[in-house]
Amino acid sequence: MRIEFHGAAGGEVTGSCHLLEVAGKRVLLDCGMVQGSRDAEARNAEPFGFDPASIDALVLSHAHIDHIGRVPLLVKRGFKGPIWTQAATCGLFPIMLLDAASLAERDAERENRERKPGEPEVRPLYAAADVAAAQKRLRRLAYETATEILPGVSVRLHDAGHILGSAMVELRADGRTLLFSGDVGMRGTPILRDPTPPPQADLILMESTYGDRNHKDRAATVAELGQILAAARADGGNVVIPAFAVGRSQELLYWFAEHYADWNLAQWTIFLDSPMAAKVMAIYDGHEELFDAEAVQVWKSGIKPFELPNLRVAESVDDSKAINRVHGGAIIIAGSGMANGGRVRHHLANGLAYARNHVIFVGYQAAGTLGRLLVNGVPRVRLFGEEIPVRARIHTVGGLSAHADQRGLLDWYGSSPNHPPVVLAHGENPAREALAAALRQRFGTQVTLSQPGVQLEV
């Protein structure tokens, strides 16, 4: 068994993509999109580091774009094999990718309008037809059920507790076992079950997003969110929350339902300005068998998170534009989570200049994104051709992260039965190096940092 790293390696978080050669077959783990700066995202159109037609099967860990975003391009460029993933991920797959295709088409149209005569036309990475072609290749997998996906190659998925349908991939072949962690979730995340302890393996390919830090206690984090909303109410402005359509948007609504009375949320109008997030809610409702016990009870009684009395879902562009005519008392949850695209950019352009407004970041912000710039405290940003001063109060609420922190990753790895060697991916270098040092010190683990194009024997 040989693994080669083609994304989320060498100190990058996004673009997850790893190639396995085993039992005479070639299996790809994830095929994600690079996210961040314009230059970083331009790499998505580059050729793959392998021939797509040579790949026998693709296994997806979960439905975030940095793990599935280049799948339609893989199919477009020659991949003809099956795509194996958890059942809920099959439902989320077209929602996420059709949105990505639409964004790519709009970006291409805008760039073509700005191009000078004679400059080559910009083409979108892929279109809706390419998403449909990829969707036909999906094959559903259940958790904790071993399935032979190719002759001599078996896969079993374990709940990663990151988003609905997220999975750790246990792959067995030729007497070897590789465990690909995917993205490991935080224990106690609402709605989702806690991450499954790792099974025995010969090697763990492990994420390291927050390998150099620990999140604030979740109870303290939720209390902080309530305090920010109280301060924003006193200031008389709006609250803008850039949030991923899968996972974070639903978690926020869960906390709003739990604290509807004590946070005086009836005083607000809550806008979910994400047609994609609305569709995702329907997938959640269709997979209550994946909920933790507490969420099952919440869905049966009280105020349901997706049916808050003052929740308004902005479906159309006109609905979204209308929100910007509300100058106080609005909580606006909108994508994208890193503010590098989507409707949230319009709300930020409309509100950043005013000190009465608040912006809350509730997830990871990749280098080069607008979200990272705002978190880092830039005084001005450029949006839609205009320089906008940043006077709104910027908050980072890290304890809501869907990724395990260093403590969580160490506890997860520590529950493995044999403490196997680890390859760290999906993390910036300071995070990977800190986690590697902690693994070596605490468990004596043999740790390798993945590098693009490097091969490693399992």
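Since every read-out is calculated from the coordinates, none of them should be taken as a lab result. Predicted model only: the values in this text are computed from it and were never measured. No Cβ is skipped: glycine too gets one built from the backbone with ideal geometry, and neighbour counts run over all protein chains shown.
A single member of LEU98, LEU125, LEU92 is aliphatic (A, V, I, L, M), out of contact with any strand residue (DSSP E or B) (no Cβ under 7 Å at 6 or more places or on another chain), surrounded by 18 or more Cβ atoms within 10 Å (Cβ to Cβ) and not in a helix (DSSP H, G or I), and it is LEU125. Cβ-Cβ contacts under 6 Å between residues 6 or more apart (or on different chains), taken from a first residue in the range 136-158 that is under 17 Å from VAL71 (Cβ atoms) to a second residue that is assigned to a loop (DSSP other than H, G, I, E, B), are listed as ARG137/PRO82; ARG139/PRO82.
Look through the range 22-45, keep the residues that are of a type in the set (D, E, K, R) and under 22 Å from the mean Cα position of the chain (by Cα), and return whichever of them is surrounded by the most Cβ atoms within 10 Å (Cβ to Cβ). Before you say what the answer is, go through the steps one by one.
Within the range 22-45, the subset of a type in the set (D, E, K, R) is 25-26, 30, 38-39, 41, 43.
Filter once more, keeping what is under 22 Å from the mean Cα position of the chain (by Cα): 30, 38-39, 41, 43.
Details: ASP30: 29, ARG38: 8, ASP39: 9, GLU41: 22, ARG43: 12.
Out of the qualifying residues, it is ASP30.
Quick check on LEU171: is it surrounded by 20 or more Cβ atoms within 10 Å (Cβ to Cβ), in contact (Cβ under 8 Å) with a residue 40 or more places away in the chain and in contact with a Phe, Trp or Tyr (Cβ under 6 Å, 6 or more places away or on another chain)? Full working, then the answer.
Working: surrounded by 20 or more Cβ atoms within 10 Å (Cβ to Cβ): yes; in contact (Cβ under 8 Å) with a residue 40 or more places away in the chain: yes; in contact with a Phe, Trp or Tyr (Cβ under 6 Å, 6 or more places away or on another chain): no.
So LEU171 does not fit the description; no.
Given (1) surrounded by 14 or more Cβ atoms within 10 Å (Cβ to Cβ); (2) under 28 Å from ALA349 (Cβ atoms), where does PRO389 come up short, assuming only one miss? Going through the list (1) surrounded by 14 or more Cβ atoms within 10 Å (Cβ to Cβ); (2) under 28 Å from ALA349 (Cβ atoms), PRO389 breaks only (1).
Does LEU439 meet the test of being buried (at least 19 other Cβ atoms within 10 Å of the Cβ) and touching a Pro at 6+ places or on another chain (Cβ under 9 Å)? Even if it seems obvious, please write down each step before you answer.
Numbers: buried (at least 19 other Cβ atoms within 10 Å of the Cβ): yes; touching a Pro at 6+ places or on another chain (Cβ under 9 Å): no.
So LEU439 fails the test.
Table: residues versus (1) without any contact (Cβ under 8 Å) to a residue 60 or more places away in the chain; (2) not in a loop (DSSP other than H, G, I, E, B).
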| residue | (1), (2) |
| --- | --- |
| TYR284 | no, yes |
| GLU289 | yes, yes |
| GLU294 | no, yes |
| VAL298 | yes, yes |
| ILE303 | yes, no |
| PHE306 | yes, yes |
| PRO309 | yes, no |
| ARG312 | yes, yes |
| ASP318 | yes, yes |
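Would you call ALA349 touching a residue at least 60 places away in the same chain (Cβ under 8 Å), in a helix (DSSP H, G or I), on the phi < 0 side of the Ramachandran plot and not β-branched (Val, Ile, Thr)? Answer is no for this residue.
The sole residue among ILE83, ILE55 that is β-branched (Val, Ile, Thr), over 17 Å from the mean Cα position of the chain (by Cα) and crowded, with 24+ Cβ neighbours inside 10 Å is ILE83.
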